[in-house]
1. Just the projected area, averaged over all directions, of the convex hull on the alpha carbon atoms of the chain: how many nm²?
2. Using Cβ contacts closer than 10 Å as the measure, can you line up His233, His51 from fewest to most?
3. Pairs of alpha-carbon atoms within less than 8 angstrom and 6+ residues apart define the contacts here; what relative contact order does the chain have, in percent?
4. Sort segment 89-243 into rounded, prolate or oblate with this rule: let a ≥ b ≥ c be the square roots of the eigenvalues of the Cα gyration tensor; rounded if a/c is under 1.5, and if a/c is not under 1.5, prolate when a/b is larger than b/c, oblate otherwise.
5. Using the Karplus equation 6.51 cos²θ - 1.76 cosθ + 1.60 (θ = phi - 60°), what ³J(HN,Hα) coupling, rounded to whole Hz, does each residue of segment 216-232 give in order, writing x for Gly and Pro?
6. What do you get for Rg/Rh of segment 162-282 when both radii come from the Cα atoms and Rh is the Kirkwood radius?
7. Amide H of Leu54: which non-local residues (sequence gap of 5 or more, or other chain) have their own amide H closer than 5 Å, using H built in the peptide plane?
8. Under a 5 Å amide H to amide H cut-off, with H placed in plane at 1.01 Å, what residues pair with Leu195 once short-range neighbours are removed?
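Every number here is computed from the coordinates shown, using simple stated rules; none is lab data. Note that the structure is a prediction, hence the values are computed from the model and not measured. Glycine also receives a Cβ, built like all others from the backbone with ideal geometry; neighbour counts cover every protein chain displayed.
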Amino acid sequence: MSTRRPRETEQPGDRTLEVGEATALLPALRMPEERATVLRVDSVTCWFGDHCVLDRVSLEVREGEVVGIIGPGGVGKTVLVKLCTGLLEPDSGRIDVLGNELGRTGQKDRQRLRERIGLVFQNYALFDFMTVGQNVAFPMLQRGGYTAEDVATRVQERLTEVGLPKVQHLMPNELSGGMKKRVGLARANINDPELIFFDDPTAGLDPVTSSKIFNLIRLTQSHRNSTCVVISHDIDRMRPACDRYVLLYKSRVYFEGTEADAMASEDAVVHEFFRKNEGIGA
Ligand SMILES: Nc1ncnc2c1ncn2[C@@H]1O[C@H](COP(=O)(O)OP(=O)(O)O)[C@@H](O)[C@H]1O
Ligand SMILES: [Mg+2]
């Protein structure tokens, strides 16, 4: 087996999706206020030792929205994702995910809820001892109840969707960084999750490849009208993917709104963050 790393441009079906192309595929969405609330974080506080990482944080994400969570490094973005997926418990406050209050769900219900949620962590690496196809199939096999044919068909569909129709039999170490992220995206979508969290999905990628990934996030979201929470410090690249933003700063929700709202704001921190994200040391 070749150990040569294929370049992104060598892959059949691998092409940059234009922003207009992605957004044209968006289904006719209802007005935001008419859509169901998929995620509600209500006055959540989280301490680590004597450090209050999140202080009465509240936010809401509605069906079909892509919400960007931005903020400096170490502000608590990953902690927030862990709280919303039940991997961490808040010290106070309430979190409702897909109509379930997390604090009140038992082990079994939580497991069922997790199957409706997709997670793409920065370090949620592919298993290097499995082929790409086996990696993408993994969450589907874990859930169970599918024939081998169902699994193979869906894996092929999801890989084609991210522009990698012919990599099933490769090993992860034969892929470029951008291709690995695409495979991660295909894997996150395999069970058709209603809500997906992306924690720094373009970490370590060059700007061009990062843009492709954010466009793909938007495209795959619009295909199935899933709801996405995207965490990144790469505001320039994430713009085409996000409908609106939540800026975490000094343990609080410092700003919430669209990019136009941010530009209309007179707040220097908001401006600085949207103008040039490295301004606050992301
Ligand atoms: N398990 C943990 N134990 C102690 N401190 C933690 C733990 N997880 C995160 N922290 C602290 O919480 C803060 C926020 O971390 P994190 O959510 O990873 O930031 P980021 O916004 O960069 O994703 C950091 O100060 C980090 O050190
Ligand atoms: Mg983080």
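1. Working: hull surface 62.9 nm².
Computed as one quarter of the Cα hull surface, the answer is 15.7 nm².
2. Fewest-to-most ranking of His233, His51: His51, His233.
3. Working: 508 pairs, mean separation 75.5, N = 282.
Normalised by residue count, the contact order of the chain is 27 percent.
4. On the way: a/c = 1.82, a/b = 1.16, b/c = 1.56.
Oblate shape, in that a/c is at least 1.5 and b/c is the bigger or equal ratio.
5. Computed from phi, the couplings for segment 216-232 are 5, 4, 5, 5, 5, 5, 6, 4, 10, 6, 6, 10, 10, 10, 10, 9, 6 Hz.
6. Rg/Rh: 1.01.
7. Counting only residues 5 or more places away or on other chains, the set is Cys46.
8. Correct list: Gly118, Thr227.
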